[in-house]
Amino acid sequence: MIRCTVARVDLDAIRSNFLTIRSYLARDASLNRDRGVQPSAPPAIIAVVKANAYGHGSVRVARALEEAGAPWLAVADIEEGIELRESGVRARILVFGALSVSDLDGVITHELTPTLSSPAAAGALQAAAAARGVQLKCHLKVDTGMHRLGFRHDNLERTLPLVFASSNVRVEAVHTHFATAEDPESLLFNEQRVRFDAVCVKLAGEHAVPFLRHAANSAALLRDSRVWYDFVRPGLLLYGVAPPPLATTLALAPVMTLVSRVVAVKGLRIGEGVGYGARFHAERPTRLAVVPAGYADGLDRRLEGRGFVLVRGKRAPIVGAVSMDMVTVDVTDIAGVSPGDDVVLLGAQGSEPLQRIDAREMASWIGTIPYEVLCRLGSRVKREYD
Ligand SMILES: *Cc1c(COP(=O)(O)O)cnc(C)c1O
């Protein structure tokens, strides 16, 4: 007997989203070529599978992407990369996060590609590679205005000579990350783009070794083909979700469906309260359905009084506290709800617009972003792949 709260992950949808993005990049690149505008070759895709592939299960998602032809994957840290290698993934794997000295063994033995984001990391990597007598390729991260990781764009004369002088470390690519790609009003996006272009021109002039360039997350990819460069780095788009508030005409397929079942139905008399804190009171004779999914499964406690689930093709409001292992929903207006009925928390139960709840909508109910809704899906929730 498995728990009835299950996340169904459609690997065909992942593959199809990857191919849809790839043909979009190819089409636009060829349009540009016709107009005599750069870039002449479409960028390759670095498929981002960090954080357990945004909650979808990194090993299965990575394998699906590899089958679809993804030449590169990206993860947040070395441990995530090692997990993929140990499951047989052969694609190149870029590690975004900061390197600490203790991690370096994993990079070398599992053939991961590290991001270099500080002079200290460069020194440590050079020493480790020299000690093993190997040549390591790395991607160099330049901070063009996000002010998180990376070599500051305005201080490279001081920091980069050491990196380029490292005989065992070769800079294969230079990249940056946008702070405000999803905000059409932001000026910083353009400033970062211009700074990155200037850095690349300067480095190409100073260092004989050619390098590749990348910058675009999902939002930047949708927004501006000038930042496609040699690779783009979509995450959220692969999972069928556009980063809000951006919209897309790309035909992305939804990947995750979170389902459960009604396990009990209960009548409430006027004035009776429900759940911890008894914050919801019945103002009319009320029928409640109990669904065994709670905050331990990743549901946000702020869904109380704000969110809905689908039962019998209708939206049932979440009432009363979201508890650790269950939620209660008001099904007074939905005829015939009984134990065993299917419940959809994310996904569709019919073809009408109101019969679909996606991660963007759930995020909007609770004041967060779809990334968080997907990533926080609990480890207790079984992922089923089809
Ligand atoms: C997470 C991440 C991405 C992917 O971001 P999306 O918005 O999901 O496309 C790209 N680049 C870096 C450096 C990241 O950390």
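The values are calculated or read from the model by the stated rules, or taken from the named source; none is laboratory data. Being a predicted model, the structure only gives us computed values, none of them experimental. Neighbour counts are summed over all protein chains in view; Cβ atoms, including those assigned to glycine, are modelled from backbone coordinates with ideal geometry. For the accessible areas, the whole protein counts, side chains as well, though only heavy atoms, and no ligand, DNA or RNA atoms are used. Shrake-Rupley method; radii C 1.70, N 1.55, O 1.52, S 1.80 Å.
Residue check, residue 307 against (1) in contact with a helix residue (DSSP H, G or I) (Cβ under 7 Å, 6 or more places away or on another chain); (2) modelled with pLDDT under 95, all met but one. Which one?
(2)
Can you pull out the residues in region 359-380 that are outside any helix (DSSP H, G or I) and buried (at least 17 other Cβ atoms within 10 Å of the Cβ)?
Going through region 359-380, the residues outside any helix (DSSP H, G or I) turn out to be 367-369, 376-380.
Across region 359-380, the qualifying residues are 369, 377.
I'd like to know if region 266-279 contains one or more residues that are charged (D, E, K, R) and within 24 Å of residue 197 (Cβ to Cβ). Spell out how you get there, then give the answer.
To start, the set of residues in region 266-279 that are charged (D, E, K, R) comprises 266, 269, 272, 279.
Right, trim to within 24 Å of residue 197 (Cβ to Cβ) and you get none.
Looking for residues that are charged (D, E, K, R) and within 24 Å of residue 197 (Cβ to Cβ), one finds none in region 266-279, hence no.
Those residues that are open to solvent by 70 Å² or more (accessible area, probe 1.4 Å) and either under 29 Å from residue 246 (Cα atoms) or of a type in the set (D, E, K, R) (or both), I need them from region 149-189; list them, please.
152, 154, 157, 158, 170, 184, 185, 187
Residues that are hydrophobic (A, V, I, L, M, F, W, C) and modelled with pLDDT of 95 or more: which strands (runs of 3 or more DSSP E) entirely in region 50-127 hold 3 or more of them? Walk me through it before giving the result.
Details: elements: 72-75, 92-95, 113-116.
By residue number, 72-75, 92-95.
Just give me the residues in region 196-221 being open to solvent by 60 Å² or more (accessible area, probe 1.4 Å) and within 16 Å of the ligand (Cβ to nearest atom), in sequence order.
Scanning region 196-221 gives 212, 213.
Limited to region 199-214, what total is found for residues that are among the hydrophobic types (A, V, I, L, M, F, W, C) and in contact (Cβ under 8 Å) with a residue 24 or more places away in the chain? Show your work before the answer.
As a first pass, look at region 199-214 and keep what is among the hydrophobic types (A, V, I, L, M, F, W, C): 199-201, 203-204, 208-209, 211-212.
Subsequent filtering for residues that are in contact (Cβ under 8 Å) with a residue 24 or more places away in the chain retains 199-200, 203, 209, 211-212.
Adding up the residues that qualify gives 6.
Against the definition (within 13 Å of the ligand (Cβ to nearest atom), among the β-branched types (Val, Ile, Thr) and open to solvent by less than 20 Å² (accessible area, probe 1.4 Å)), how does residue 227 come out, yes or no? Spell out how you get there, then give the answer.
Numbers: within 13 Å of the ligand (Cβ to nearest atom): yes; among the β-branched types (Val, Ile, Thr): yes; open to solvent by less than 20 Å² (accessible area, probe 1.4 Å): yes.
For residue 227, the condition - within 13 Å of the ligand (Cβ to nearest atom), among the β-branched types (Val, Ile, Thr) and open to solvent by less than 20 Å² (accessible area, probe 1.4 Å) - is met.
Every residue, every condition in (1) touching a Phe, Trp or Tyr at 6+ places or on another chain (Cβ under 9 Å); (2) modelled with pLDDT of 95 or more; (3) not small (Gly, Ala, Ser), yes or no:
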{"residue": "161", "(1), (2), (3)": "no, no, yes"}
{"residue": "165", "(1), (2), (3)": "no, no, no"}
{"residue": "172", "(1), (2), (3)": "yes, yes, yes"}
{"residue": "176", "(1), (2), (3)": "yes, yes, yes"}
{"residue": "179", "(1), (2), (3)": "yes, yes, no"}
{"residue": "198", "(1), (2), (3)": "no, yes, no"}
{"residue": "208", "(1), (2), (3)": "no, no, no"}
{"residue": "221", "(1), (2), (3)": "yes, yes, yes"}
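Could you check region 128-145 and list, in sequence order, the residues that are assigned to a loop (DSSP other than H, G, I, E, B) and open to solvent by 60 Å² or more (accessible area, probe 1.4 Å)?
133, 135
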